[in-house]
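Enquirer: Take this structure first; my questions come after.
The values are calculated or read from the model by the stated rules, or taken from the named source; none is laboratory data. Since this is a predicted model, take the numbers as computed values, not measurements. No Cβ is skipped: glycine too gets one built from the backbone with ideal geometry, and neighbour counts run over all protein chains shown. Ligands, DNA and RNA are excluded from the accessible area calculation, which covers all protein heavy atoms including side chains. Shrake-Rupley method; radii C 1.70, N 1.55, O 1.52, S 1.80 Å.
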Amino acid sequence: MSNDVVIKVSNLGKRYRLGRLHDNNLLSEKIGNGLRSIFQRFRDLSPFPFHLSQEKDFWAIREVAFEIKQGEVVGIVGRNGTGKSTLLKILSRVTGPTEGEVELLGRVGSLLEVGTGFHPELTGRENIFMNGAILGMKRAEIKGRFDEIVGFAEVEKFVDTPVKHYSSGMYVRLAFSVAAHLEPEVLLVDEVLAVGDAAFQKKCLGKIGEVARGGRTVLFVSHNMASVKTLCGRAILLEGGRVVMDGDAASVVDRYLGDPGMKVASYRMAAGKKPPCFRSIELIQEERKNGAFAADRPVRISFSIDSGGEKGLGVNLFIRNEQGVCIHHSADSFVGPSGVSGPGERTCEIPAYGLAAGRYRVDVSLSRGELEVFDYLQDALIFQTGLTDATDDKARAARWRGLCGPGLIRWE
């Protein structure tokens with residue numbers, strides 16, 4: 001392993017045997033397996049109709065390999081069940097791998113779930129010193145950081161209370177504060193930050209950024225893609241327990257969320273669909289670059305609707321950003337031609353600079369009133385807006401601070 005590499009993962013795999021005992025090199029799991037084997041013998045002798053499940057291998061991760069250099073902040077992204085937490089548990093030595101190996105240099109601080117490494121019978125004060133000792137710190141070092149840890153966690157009144165009496169919020173605040181302030185060379189953070197309130201999450205993200213700027217290495221598992229893009233220069237995408245992409249954070253997040261050029265600047269009605277319904281929906285702009293719509297030009301959305309003879313129909317349009325936040329909702333009335341079944345057209349326009357550069361999803365519904373919905377399409381359109389090459393456009397875009405672009409508001 002080269003001098004600047006602090007984490008090296010080689011052909012890493014973790015297998016679980018569903019319904020049966022499995023081998024592992026950790027004492028805690030061997031003890032658990034021993035207890036389960038005693039119960040299994042009792043079950044085999046019992047007259048009651050227990051059913052033994054068949055042995056089946058499940059690989060949580062397989063053939064995972066990467067290197068991380070000192071000072072890198074790396075996001076681990078992927079859908080639920082793709083092996084992100086398993087990977088971090090192996091790196092933090094909570095569980096051992098079935099195959100492959102991990103090389104780690106320096107002290108590792110981890111926050112994988114609420115209160116990881118805390119003893120419930122010990123007080124907050126005692127757990128802070130215990131965790132510091134586990135990390136190899138001297139008592140004087142821990143004492144020098146003690147007030148900062150307690151102040152960040154906001155548990156001053158409860159620091160001498162056993163942590164089993166803490167709320168989940170207090171627990172996770174103290175656990176994160178210990179992991180972040182005891183100066184590990186490598187910090188592993190799972191999605192556990194979602195347990196805290198909004199103010200605490202913001203505080204934690206700021207601390208992670210501060211840790212990263214201090215030259216320490218951070219692995220950050222999150223479903224918040226905005227945080228991954230903001231904090232991480234690099235990201236690793238897991239699918240089915242394997243690494244499918246390793247690169248700059250923005251590109252990996254784009255791959256995870258889906259390629260806008262693959263789906264869906266248009267929608268066509270599926271065969272056999274009954275009206276009232278959308279026959280087609282299309283995004284229109286004369287010039288596009290690499291599949292992205294230019295932010296400095298208007299984008300039109302064209303609807304073709306089969307009313308099925310129904311009158312008083314309305315179209316609802318919802319635009320969501322890549323975090324799923326609805327940043328715009330618009331509605332318009334539509335009535336089929338003379339009440340006769342057949343196609344009808346409707347268009348709307350997103351003005352130039354109406355949306356900041358980024359990725360967007362469009363949901364649409366066809367309804368009468370608020371309760372009678374005839375057709376609803378989630379992610380009917382997915383598109384991306386990008387900057388043009390003009391210097392003034394880039395300068396103007398750099399000043400955008402909101403979810404939408406400056407063109408949403410018209411000054412008179």
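Enquirer: Checking G169 against (1) at pLDDT below 90; (2) open to solvent by 10 Å² or more (accessible area, probe 1.4 Å); (3) more than 30 Å from the chain's Cα centre (by Cα), only one condition comes out false. Which one?
Expert: Only one criterion is unmet by G169, namely (3).
Enquirer: Limited to the range 195-234, what total is found for residues that are charged (D, E, K, R), at pLDDT 80 or above and not in a helix (DSSP H, G or I)?
Expert: 2
Enquirer: Just the residues that are modelled with pLDDT of 85 or more and closer than 30 Å to T230 by Cα, please, taken from the range 300-324.
Expert: Within the range 300-324, L317, F318, I319, R320 qualify.
Enquirer: Restricting the search to the range 291-314, which residues are over 31 Å from the mean Cα position of the chain (by Cα), of a type in the set (A, V, I, L, M) and open to solvent by 10 Å² or more (accessible area, probe 1.4 Å)?
Expert: Those that are over 31 Å from the mean Cα position of the chain (by Cα), of a type in the set (A, V, I, L, M) and open to solvent by 10 Å² or more (accessible area, probe 1.4 Å): none in the range 291-314.
Enquirer: What do you reckon, is R288 open to solvent by 20 Å² or more (accessible area, probe 1.4 Å) and at pLDDT below 80?
Expert: For R288, the condition - open to solvent by 20 Å² or more (accessible area, probe 1.4 Å) and at pLDDT below 80 - is met.
Rundown of residues vs (1) touching a residue at least 24 places away in the same chain (Cβ under 8 Å); (2) under 21 Å from P184 (Cα atoms); (3) part of a helix (DSSP H, G or I), yes/no style:
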| residue | (1), (2), (3) |
| --- | --- |
| L88 | yes, yes, yes |
| E103 | yes, yes, no |
| F118 | yes, yes, no |
| E126 | no, yes, yes |
| M130 | no, yes, yes |
| G136 | yes, yes, no |
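Enquirer: In the range 356-373, how many residues are among the aliphatic types (A, V, I, L, M) and at pLDDT 85 or above?
Expert: Selection size over the range 356-373: 4.
Enquirer: Step by step: first the residues of the range 73-96, then only those that are over 15 Å from I7 (Cβ atoms) and among the hydrophobic types (A, V, I, L, M, F, W, C), then the one that is modelled with the lowest pLDDT. Which residue is that?
Expert: Among those that are over 15 Å from I7 (Cβ atoms) and among the hydrophobic types (A, V, I, L, M, F, W, C), it is V94.
Enquirer: Something else now. State the number of residues belonging to the range 67-111 that are open to solvent by less than 40 Å² (accessible area, probe 1.4 Å) and either within 18 Å of G209 (Cα to Cα) or touching a helix residue (DSSP H, G or I) at 6+ places or on another chain (Cβ under 6 Å) (or both).
Expert: The number of residues fulfilling the criteria is 13.
Enquirer: Right, another one. Exactly one condition in (1) of a type in the set (K, R); (2) modelled with pLDDT of 80 or more; (3) over 23 Å from P120 (Cβ atoms) is false for K164; which is it?
Expert: Answer for K164: the failing condition is (3).
Enquirer: Here is a follow-up. Does D147 qualify as being outside any loop (DSSP other than H, G, I, E, B), among the acidic types (D, E), open to solvent by 30 Å² or more (accessible area, probe 1.4 Å) and more than 26 Å from I7 (Cα to Cα)?
Expert: yes
Enquirer: Also, quick follow-up: Only residues that are open to solvent by 40 Å² or more (accessible area, probe 1.4 Å) and either at pLDDT below 80 or not in a helix (DSSP H, G or I) (or both): list them for the range 172-190, please.
Expert: Across the range 172-190, the qualifying residues are E183, E185.
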